[in-house]
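Colleague: Take a look at the following structure, please.
The values are calculated or read from the model by the stated rules, or taken from the named source; none is laboratory data. Keep in mind it's a predicted model, so treat the numbers as computed, not measured. Quick reminder, even Gly has a Cβ in these numbers, built from the backbone with ideal geometry, and neighbours come from all protein chains shown. SASA here: full protein model, heavy atoms, side chains in, ligands and nucleic acids out. Shrake-Rupley method; radii C 1.70, N 1.55, O 1.52, S 1.80 Å.
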Amino acid sequence: MNRREFIASAAVAGAGLLVLPSGVRGGEAAPSNKLNIALIGVWGRGLAHYRSLADENVVALCDVNEKRFPDALAKFPGAKTYVDWRKCLDQKGLDAVVCCTADHTHAFVSNWALNRNLHVYQEKPLAITCEEARVVRANWMKKKAKLATQVGMQRHAIPNFNRVREMVRDGAIGDLTAAYAWGDRQIRRPGYLPAEGQPPADFHYDLWLGPSPEHPYNPGYFSGGAGANCLQWNMYWDFGAGQIGDMGSHTMDLLWNAVDATLPTTAEAKGEAFNPDVTPVTCESHFDHPANDWRGPIRVSWYQGGAMPASPKPYVDLKKIGHGAMFKGSKGHVVCDFDSRILLPFGSEADLTYYKPRTKDKVLPDIGHFQKQWLDACRNPSLKTACDFEYSGNMIEQLLLGLVAYRVGKKLNYDGATGKVTNCPEANEFLSRKYRAGWTING
Ligand SMILES: NC(=O)c1ccc[n+]([C@@H]2O[C@H](COP(=O)([O-])OP(=O)(O)OC[C@H]3O[C@@H](n4cnc5c(N)ncnc54)[C@H](O)[C@@H]3O)[C@@H](O)[C@H]2O)c1
């Protein structure tokens with residue numbers, strides 16, 4: 001039995017012991033049961049993972065900024081350091097990777113890690129093009145029996161996510177017909193920053209650019225505080241997916257968790273004038289989804305940067321909810337944010353007799369600590385994670401298709417089986433992007 005198999009068998013044997021009285025799975029890993037983890041992107045969002053990784057063996061640290069190593073090494077002494085994640089992933093004996101790099105490298109790191117049979121926790125968004133989402137999802141689907149994945153949409157662990165799901169699923173609003181999510185963050189950038197100065201000697205700017213086209217160095221891309229520096233680069237097409245990769249990932253997750261959708265059959269979008277450098281601030285996109293086994297067809301909508309769905313009643317001011325979602329059914333609406341919800345029945349039939357709230361023993365269980373959920377699944381991949389690469393891949397592919405529809409300004413028919421737009425050939429070129437020479441997503 002090799003070390004990986006031993007960890008898995010120890011986890012299964014001890015599965016009962018890993019359930020804490022509070023229902024939170026996890027707890028401290030036994031020494032023999034620790035995972036060997038590479039943390040890629042050690043500062044910023046990486047810092048948020050230090051606590052949940054403290055019980056594991058963090059054996060590799062990777063960052064393009066060497067200045068970040070001393071603090072990370074103080075926390076994880078003995079780890080090897082790397083500036084190039086491709087070399088880091090080849091370290092012998094790794095079990096798992098936590099990736100907190102810039103968005104334009106996410107699908108790459110995830111895919112390379114899966115190719116090396118490593119479990120992956122990928123900070124959101126999983127990808128910045130539809131094709132990237134498809135490649136990574138398909139790769140994981142082949143290996144899902146033995147590898148655990150999670151995309152960093154940690155708000156998913158807030159119990160309100162499941163309370164919203166239960167209301168929609170159990171018929172509080174009758175038959176679901178439409179769902180809307182919105183986010184009002186507005187970060188306006190005129191265009192890529194002009195050349196300014198030289199990268200510091202210990203900052204590997206060329207590796208930061210990675211697969212994306214060359215853009216001159218400007219310290220402005222790196223001027224944000226810890227965990228918020230992503231706002232300095234994520235609005236640019238070559239480095240991110242704008243609002244969609246930012247708060248859109250969290251907010252669409254609130255909706256996605258309640259509708260059991262996969263890929264849309266259509267996408268249409270409108271927004272502010274197209275800027276070849278910068279993703280739109282104000283934009284709305286709409287998607288048709290086929291029926292599933294518990295509901296009819298639905299329309300899913302995403303609004304950003306000030307665009308908003310209409311409120312069901314003038315006294316409900318949706319604009320007071322910065323990042324929220326709304327579900328429309330034949331008998332009412334549910335309006336929610338991340339941690340609260342309201343039910344608004346409508347029509348003379350809406351007497352709620354058709355709605356049977358769950359008894360206490362039937363409510364969906366809390367998922368507990370979001371990062372721990374993934375760590376537990378790394379030890380025992382038969383455990384499900386809430387935001388695996390299938391769930392999250394479908395979600396982000398849908399949102400990214402909306403950006404394609406925005407770029408071409410046409411309603412698109414989408415074939416989810418092949419990942420092709422069938423009625424607008426020019427749209428297909430925006431489903432993927434060109435990588436710099438020397439970079440492949442499938443290494
Ligand atoms: N889940 C959340 O709530 C949440 C919150 C903030 C950020 N994020 C996500 O985390 C990621 C990082 O955001 P941030 O604000 O920390 O950004 P950041 O620019 O501060 O980068 C984080 C760290 O990664 C390093 N890095 C960047 N590219 C790298 C590469 N190719 N190889 C190795 N190291 C690299 C940086 O030097 C830095 O130390 C983003 O994708 C963002 O969407 C998620």
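Colleague: Given the residues VAL164, VAL168, VAL151, which is the only one that is within 16 Å of the ligand (Cβ to nearest atom), β-branched (Val, Ile, Thr) and surrounded by 19 or more Cβ atoms within 10 Å (Cβ to Cβ)?
Modeller: Values: VAL164 fails: within 16 Å of the ligand (Cβ to nearest atom); VAL168 fails: within 16 Å of the ligand (Cβ to nearest atom).
Answer to the check: VAL151.
Colleague: So which pairs qualify, if the first residue must be in the range 45-59 and open to solvent by less than 50 Å² (accessible area, probe 1.4 Å), the second must be aromatic (Phe, Trp, Tyr), the Cβ gap must be under 6 Å, and the two must be at least 6 apart or on different chains?
Modeller: Between residues of the range 45-59 that are open to solvent by less than 50 Å² (accessible area, probe 1.4 Å) and residues that are aromatic (Phe, Trp, Tyr), the close pairs are VAL58/PHE76.
Colleague: Another question about this same structure. Can you pull out the residues in the range 143-165 that are out of contact with any strand residue (DSSP E or B) (no Cβ under 8 Å at 6 or more places or on another chain) and over 20 Å from LEU89 (Cα atoms)? So that I can check it myself, show each step before the final result.
Modeller: Step one: list which residues in the range 143-165 are out of contact with any strand residue (DSSP E or B) (no Cβ under 8 Å at 6 or more places or on another chain), which gives 143-146, 153-159, 161-162, 165.
Passing the criteria: ALA145, MET153, GLN154, ARG155, HIS156, ALA157, ILE158, PRO159, PHE161, ASN162, ARG165.
Colleague: Report yes if THR282 is surrounded by fewer than 22 Cβ atoms within 10 Å (Cβ to Cβ), more than 16 Å from the ligand (Cβ to nearest atom) and closer than 30 Å to ASP175 by Cβ, otherwise no. If you could, list the steps in order and put the result at the bottom.
Modeller: Values: surrounded by fewer than 22 Cβ atoms within 10 Å (Cβ to Cβ): yes; more than 16 Å from the ligand (Cβ to nearest atom): yes; closer than 30 Å to ASP175 by Cβ: no.
So THR282 does not fit the description; no.
Colleague: Any residue in the range 352-363 that is within 19 Å of CYS100 (Cα to Cα) and either touching a residue at least 60 places away in the same chain (Cβ under 8 Å) or open to solvent by 60 Å² or more (accessible area, probe 1.4 Å) (or both)?
Modeller: Initially, the range 352-363 is screened for residues within 19 Å of CYS100 (Cα to Cα), giving none.
The answer is no; no qualifying residue exists.
Colleague: Answer yes if at least one residue in the range 338-346 is under 30 Å from ALA113 (Cβ atoms) and at pLDDT 95 or above, and no otherwise. Give the derivation first.
Modeller: The initial filter retains those residues of the range 338-346 that are under 30 Å from ALA113 (Cβ atoms), namely 338.
If we keep only those that are at pLDDT 95 or above as well, we get 338.
Within the range 338-346, one or more residues are under 30 Å from ALA113 (Cβ atoms) and at pLDDT 95 or above.
Colleague: Quick check: anything in the range 227-242 at positive phi, open to solvent by 20 Å² or more (accessible area, probe 1.4 Å) and within 13 Å of the ligand (Cβ to nearest atom)?
Modeller: First pass over the range 227-242, keeping only residues at positive phi: 227, 242.
Filter once more, keeping what is open to solvent by 20 Å² or more (accessible area, probe 1.4 Å): 227.
Now drop any that are not within 13 Å of the ligand (Cβ to nearest atom), which leaves 227.
So far as the range 227-242 goes, yes, one or more of its residues are at positive phi, open to solvent by 20 Å² or more (accessible area, probe 1.4 Å) and within 13 Å of the ligand (Cβ to nearest atom).
Colleague: Name the one entry in CYS378, CYS336 that is of a type in the set (A, V, I, L, M, F, W, C), under 26 Å from the mean Cα position of the chain (by Cα) and closer than 30 Å to LYS270 by Cα. Talk me through it step by step, then tell me what you get.
Modeller: Details: CYS378 fails: closer than 30 Å to LYS270 by Cα.
One residue alone meets the criteria, CYS336.
Colleague: Look at SER340 and say whether it is open to solvent by 10 Å² or more (accessible area, probe 1.4 Å), under 26 Å from GLU284 (Cα atoms) and without any contact (Cβ under 8 Å) to a residue 60 or more places away in the chain. So that I can check it myself, show each step before the final result.
Modeller: Working: open to solvent by 10 Å² or more (accessible area, probe 1.4 Å): yes; under 26 Å from GLU284 (Cα atoms): yes; without any contact (Cβ under 8 Å) to a residue 60 or more places away in the chain: no.
Criteria not met by SER340.
Colleague: Examine the range 15-24 for a residue that is away from the ligand (no atom under 15 Å from the Cβ), open to solvent by 40 Å² or more (accessible area, probe 1.4 Å), in contact with a Ser or Thr (Cβ under 9 Å, 6 or more places away or on another chain) and at pLDDT below 95, and state whether such a residue exists.
Modeller: No, that holds for no residue.
Colleague: Could you check the range 68-187 for helices (runs of 4 or more DSSP H) lying wholly inside it with 3 or more residues that are hydrophobic (A, V, I, L, M, F, W, C)? Show your work before the answer.
Modeller: Values: elements: 69-75, 85-88, 106-115, 130-143, 159-169.
By residue number, 69-75, 106-115, 130-143, 159-169.
Colleague: Can you run down the residue pairs with Cβ atoms below 9 Å, 6 or more apart or on separate chains, where the first is in the range 267-281 and farther than 15 Å from PHE239 by Cα and the partner is surrounded by 21 or more Cβ atoms within 10 Å (Cβ to Cβ) and among the charged types (D, E, K, R)?
Modeller: ALA269/GLU284; LYS270/GLU284; GLY271/GLU284
Colleague: For ALA102, indicate whether it is out of contact with any Pro (no Cβ under 7 Å at 6 or more places or on another chain), of a type in the set (A, V, I, L, M) and away from the ligand (no atom under 14 Å from the Cβ).
Modeller: Numbers: out of contact with any Pro (no Cβ under 7 Å at 6 or more places or on another chain): yes; of a type in the set (A, V, I, L, M): yes; away from the ligand (no atom under 14 Å from the Cβ): no.
No: the conditions fail for ALA102.
Colleague: Of the residues that sit in the range 193-224 and are more than 9 Å from the ligand (Cβ to nearest atom) and outside any loop (DSSP other than H, G, I, E, B), which one is surrounded by the most Cβ atoms within 10 Å (Cβ to Cβ)? Don't jump to the end; show me each part of the working.
Modeller: Pass one, the range 193-224, residues more than 9 Å from the ligand (Cβ to nearest atom): 193-202, 205-206, 211-220, 223.
Checking the rest, the ones that are also outside any loop (DSSP other than H, G, I, E, B) come to 205-206, 219-220.
On the way: TYR205: 17, ASP206: 13, PRO219: 14, GLY220: 13.
Here the answer is TYR205.
Colleague: Answer yes if at least one residue in the range 416-429 is part of a helix (DSSP H, G or I), at pLDDT 95 or above and under 21 Å from the mean Cα position of the chain (by Cα), and no otherwise.
Modeller: Taking the range 416-429 first, the residues part of a helix (DSSP H, G or I) are 425-429.
Then drop every residue that is not at pLDDT 95 or above, which leaves 425-429.
Applying the additional criterion that residues be under 21 Å from the mean Cα position of the chain (by Cα) yields none.
Looking for residues that are part of a helix (DSSP H, G or I), at pLDDT 95 or above and under 21 Å from the mean Cα position of the chain (by Cα), one finds none in the range 416-429, hence no.
Colleague: Would you check which residues across the range 253-263 are crowded, with 24+ Cβ neighbours inside 10 Å and away from the ligand (no atom under 11 Å from the Cβ) and list them?
Modeller: Step one: of the range 253-263, the residues crowded, with 24+ Cβ neighbours inside 10 Å are 253-256.
Residues satisfying the conditions are LEU254, LEU255, TRP256.
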